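**Student:** Have a look at the structure that comes next, please.
The values are calculated or read from the model by the stated rules, or taken from the named source; none is laboratory data. On a predicted model such as this, the values are computed, not experimentally measured, just so you know. For neighbour counting, all protein chains shown are included, and Cβ atoms are generated from backbone atoms with ideal geometry for every residue, glycine included. Just so you know, the surface numbers come from the protein's heavy atoms only, side chains and all, with ligands and any DNA or RNA stripped out. Shrake-Rupley method; radii C 1.70, N 1.55, O 1.52, S 1.80 Å.
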Amino acid sequence: MEKILVTGFEPFGGEQTNPSWEVASALPKAIAGRKLVCERIPVSFRHGPAAVLGAIQRENPSVVLCLGQAGGRAKVTPEFVGINYADARIPDNDGEQPQGMRLSTGAPDAYFSTLPVRAMAQAMVEAGVPASVSYSAGTYVCNAVLFSVLHALAASKSTARAGFVHVPNSPEQACRLPKGTPSMPIALVLQGIVSGLECACSWG
């Protein structure tokens, strides 16, 4: 049976939870006839990408979807591109804060997601989940994971398809944040991710 690998991050920035992992860990055991494997990864420029690549090597999935938290967003947002650049606003969970530097020397400036992000966003909307394509994964660990995974898969000529989806804060987080901070219930985000994965699996 083919596999889908979904990753979510540990908490960071003083939070006690991370909605990306809450969603990943609540996914069903199979989607579109493919076994689903979940991996919790560190918020670390050094160890986050390595954890995903290790899981890819171990599980040999046909689809890789990494999830991350984007606290200011009100929609679920599949990412269109990962860039070869790091500029951390805050230190990662290892205390590292790279600023204004390339993630990988000699690598391309960017990689486009190999998942059908437009179709995935549309599938989420049709399932009743606010969603749209994002054209910036930021310059923190989420982008580092997306870029590093796409670079590694391209370099190895892997047929696995990979991408990244940012999810909003959970309501529990938003209650402790400034008034007007957007959020989305975990159950609704989960519904969107399932719909997105079903769409991705239908594309070859």
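**Student:** Based on what the data block shows, is Lys29 in contact with an Asp or Glu (Cβ under 8 Å, 6 or more places away or on another chain) and either closer than 21 Å to Leu190 by Cβ or open to solvent by less than 60 Å² (accessible area, probe 1.4 Å) (or both)?
**Tutor:** It is false that Lys29 is in contact with an Asp or Glu (Cβ under 8 Å, 6 or more places away or on another chain) and either closer than 21 Å to Leu190 by Cβ or open to solvent by less than 60 Å² (accessible area, probe 1.4 Å) (or both).
**Student:** Let me ask another. Based on this model, can you work out whether Asn169 counts as open to solvent by less than 40 Å² (accessible area, probe 1.4 Å) and either small (Gly, Ala, Ser) or on the phi < 0 side of the Ramachandran plot (or both)?
**Tutor:** yes
**Student:** Then there's this: Across the stretch 76-101, what is the total count of residues that are more than 18 Å from the chain's Cα centre (by Cα) and either at pLDDT below 95 or under 30 Å from Ala127 (Cα atoms) (or both)?
**Tutor:** Of the residues in the stretch 76-101, 0 are more than 18 Å from the chain's Cα centre (by Cα) and either at pLDDT below 95 or under 30 Å from Ala127 (Cα atoms) (or both).
**Student:** Now a separate question. Going through the stretch 173-187 one residue at a time, which ones are closer than 18 Å to Gly68 by Cβ, at pLDDT below 90 and surrounded by fewer than 19 Cβ atoms within 10 Å (Cβ to Cβ)?
**Tutor:** Ala174, Leu177, Thr181
**Student:** Same structure again: Quick one: in the stretch 97-112, of everything that is among the small types (Gly, Ala, Ser) and touching a helix residue (DSSP H, G or I) at 6+ places or on another chain (Cβ under 7 Å), which residue is most open to solvent (accessible area, probe 1.4 Å)?
**Tutor:** The selected residue is Ser104.
**Student:** Follow-up question, since we're still on this one. Going residue by residue through the stretch 82-96, is there one that turns out to be closer than 23 Å to Ala131 by Cβ, open to solvent by 50 Å² or more (accessible area, probe 1.4 Å) and in contact with a Pro (Cβ under 8 Å, 6 or more places away or on another chain)?
**Tutor:** Within the stretch 82-96, none of the residues are closer than 23 Å to Ala131 by Cβ, open to solvent by 50 Å² or more (accessible area, probe 1.4 Å) and in contact with a Pro (Cβ under 8 Å, 6 or more places away or on another chain).
**Student:** Taking the stretch 134-165 on its own, how many of its residues are more than 13 Å from the chain's Cα centre (by Cα) and either among the hydrophobic types (A, V, I, L, M, F, W, C) or over 30 Å from Arg58 (Cβ atoms) (or both)?
**Tutor:** 6
**Student:** Just to be sure before I move on: is Ala24 closer than 21 Å to Cys201 by Cβ, in contact (Cβ under 8 Å) with a residue 12 or more places away in the chain, surrounded by 14 or more Cβ atoms within 10 Å (Cβ to Cβ) and more than 18 Å from the chain's Cα centre (by Cα) in the structure I sent?
**Tutor:** no
**Student:** Can I ask one more? Can you confirm whether the stretch 126-142 contains a residue that is at pLDDT 95 or above, open to solvent by 10 Å² or more (accessible area, probe 1.4 Å) and aromatic (Phe, Trp, Tyr)?
**Tutor:** Within the stretch 126-142, one or more residues are at pLDDT 95 or above, open to solvent by 10 Å² or more (accessible area, probe 1.4 Å) and aromatic (Phe, Trp, Tyr).
**Student:** Residues that are in contact with a His (Cβ under 6 Å, 6 or more places away or on another chain) and acidic (Asp, Glu): list the helices (runs of 4 or more DSSP H) wholly contained in the stretch 114-204 that include at least 3 such residues.
**Tutor:** It comes to none.
**Student:** For the stretch 49-68, which residues satisfy the criterion of being farther than 13 Å from Val37 by Cβ, open to solvent by 30 Å² or more (accessible area, probe 1.4 Å) and either acidic (Asp, Glu) or in contact with a helix residue (DSSP H, G or I) (Cβ under 7 Å, 6 or more places away or on another chain) (or both)?
**Tutor:** Leu53
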